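Read-outs: derived from the displayed coordinates by stated rules, not from any lab. The structure presented is a predicted model; accordingly, all values stated were derived computationally and were not measured. We place every Cβ from the backbone using ideal geometry, glycine too, and count neighbours over all the protein chains shown.
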Amino acid sequence: MHPISPAAEAVPETSLDGNRFVRACLRLPVDRTPVWFLRQAGRYMQEYREVRKHHTLVEICKQPEIAAEVTITAAEKLGVDAAIIFADLLLPLEAMGLDFEFQAGEGPVVHHPVRTASDVHSLHIDRAGDLAYVAKAIEKVAAHFRNRLGIIGFCGAPFTLASYMIEGGSSKNYIHTKRMMYSDPSAWRLLLDKIVMVLEEYCRLQVAAGADVIQIFDSWVGSLCLADYRAYVFEASKRLVRSVQQMGVLVIYFGVDTAGLLSEMASTGADVIGLDWRQPLDETWRAVGHNHAVQGNLDPITLFAPLEVLEQRVHEILRAAGGRPGHIFNLGHGIVPGTPVENVQAVVRMVREFRLEPNTEPANG
Ligand code: CP3
């Protein structure tokens, strides 16, 4: 856990580094904008591909020594301000009694997807302790970085996790998910309740192990209209956000294609809202409300552009943030395989070196 108190203001400059990310989440002034990347450890990185030659993804996650090493290597190679624990969104499925695997080229496959009320009833809620390996990896990462970097734990959001359980994998139209939502709302609610119960325990383990911040990935929530988000998802997301905050850490709530949902997502009370790249950051920050910090929002595919274009986009985002406390630079979604590592490193440099021209600063906060 991180000391989140006004005393953080008094920390001398030299020890600010580790706090830069956490301070920005708290909307406190920082010496420069903190930066990290969604999926900063992954197949685009040679070191990760080496490890993957010898272990499956799930094996890496389940061996704290290796998961910690992958996490640390990526964060150090990039020179970012925060390390996100190497794990996967789907790990809690196993603890709830659903087997899955990652099939090459196909993504995740859940062998017996949840389709009926009785499937929902059979899910376990008392085995979050099986996920202690993630907490062990966090302990190792936290011991390595101490206060130098922010340590991010994470979990899926109720909707996004439910969608994998029900669809049995990735989906385009979420037909099975929405069908359960509309046609069996009590099974749907029970499913979300059970997911929240497991995630609360899972996050508690991560927080006890040293996570400063928990990011809740609602990656596919953008498939919902506002009315459905309100009716079927908001309460469960809010409950998870609030209970993680009560553990004494900050929460980042992230989704993709969420322009129409942002103010409702902010109503969960999450400290930081993740933004994708489809709308300019200044407009979306206004929609979220300046009483929340924001994270984002470079299109990850911009990392394939020439450096001049990349720099222009990075600067646009930083100017749109306008030096307002509470911006964490990130991508709008994860780094994809094939991304040149040197371009990711270049973005870190650009963010570090950026200075607002005085005339572009907002007139007032
Ligand atoms: O560095 C980091 O960001 C931490 C690692 C991380 C992974 N998964 C490792 C991983 C994180 C934060 C996740 C979260 C995750 N997993 C999400 C939410 C993030 C998002 O992108 O919105 C989702 C939707 C998943 C589910 C998942 N995991 C899918 C759909 C896939 C297959 C994608 C593909 O291209 O094959 C994965 C696999 C996965 N998880 C990989 C990594 C590095 C790549 C596959 C591999 O190494 O074999």
Qualifying residue in the stretch 70-89 (condition: within 12 Å of the ligand (Cβ to nearest atom), surrounded by fewer than 19 Cβ atoms within 10 Å (Cβ to Cβ) and without any contact (Cβ under 8 Å) to a residue 12 or more places away in the chain):
no
Say we look at the stretch 114-140 and pick out the residues that are part of a loop (DSSP other than H, G, I, E, B) and touching a Leu at 6+ places or on another chain (Cβ under 8 Å); which of these is nearest to the ligand (Cβ to nearest atom)?
V114
When L261 is run through (1) of a type in the set (A, V, I, L, M); (2) more than 21 Å from I328 (Cα to Cα); (3) without any contact (Cβ under 8 Å) to a residue 60 or more places away in the chain, the failure sits at (2)
Quick check on the stretch 333-343. Is at least one of its residues more than 16 Å from the ligand (Cβ to nearest atom), within 30 Å of G269 (Cα to Cα) and either touching a Ser or Thr at 6+ places or on another chain (Cβ under 7 Å) or outside any helix (DSSP H, G or I) (or both)?
no
Every pair of residues 6+ apart whose Cβ atoms lie under 6 Å, when the first sits in the stretch 133-159 and is touching a residue at least 40 places away in the same chain (Cβ under 8 Å) while the second is in a helix (DSSP H, G or I) and of a type in the set (D, E):
R148/D17
Of the criteria (1) under 21 Å from R39 (Cβ atoms); (2) assigned to a loop (DSSP other than H, G, I, E, B), which one G248 fails:
(1)
With criteria (1) surrounded by 18 or more Cβ atoms within 10 Å (Cβ to Cβ); (2) part of a helix (DSSP H, G or I), I152 comes up short on (2)
With the condition kept exactly as written, say whether any residue in the stretch 215-222 is within 13 Å of the ligand (Cβ to nearest atom), part of a loop (DSSP other than H, G, I, E, B), of a type outside the set (G, A, S) and out of contact with any Pro (no Cβ under 6 Å at 6 or more places or on another chain).
yes
Determine if the stretch 177-199 includes at least one residue that is more than 15 Å from V244 (Cβ to Cβ), within 13 Å of the ligand (Cβ to nearest atom) and surrounded by 15 or more Cβ atoms within 10 Å (Cβ to Cβ).
no
Find all pairs meeting these conditions: Cβ atoms under 8 angstrom apart; at least six residues apart or on different chains; first residue within the stretch 46-66 and polar (S, T, N, Q); second residue near the ligand (Cβ under 8 Å from one of its atoms).
T56/F102
Count of residues meeting criterion [over 30 Å from M180 (Cβ atoms) and among the β-branched types (V, I, T)] in the stretch 118-142
2
Checked the stretch 19-69 for anything away from the ligand (no atom under 13 Å from the Cβ), part of a loop (DSSP other than H, G, I, E, B) and in contact with a helix residue (DSSP H, G or I) (Cβ under 9 Å, 6 or more places away or on another chain); matches are L26, L28, P29, V30, D31, R32, T33, P34, Q63
So which of V244, V233 is among the β-branched types (V, I, T), crowded, with 23+ Cβ neighbours inside 10 Å, more than 26 Å from P325 (Cβ to Cβ) and touching a residue at least 12 places away in the same chain (Cβ under 8 Å)?
V233
If we ask which residues in the stretch 118-129 are buried (at least 17 other Cβ atoms within 10 Å of the Cβ), touching a residue at least 24 places away in the same chain (Cβ under 8 Å) and out of contact with any Phe, Trp or Tyr (no Cβ under 6 Å at 6 or more places or on another chain), their number turns out to be 2
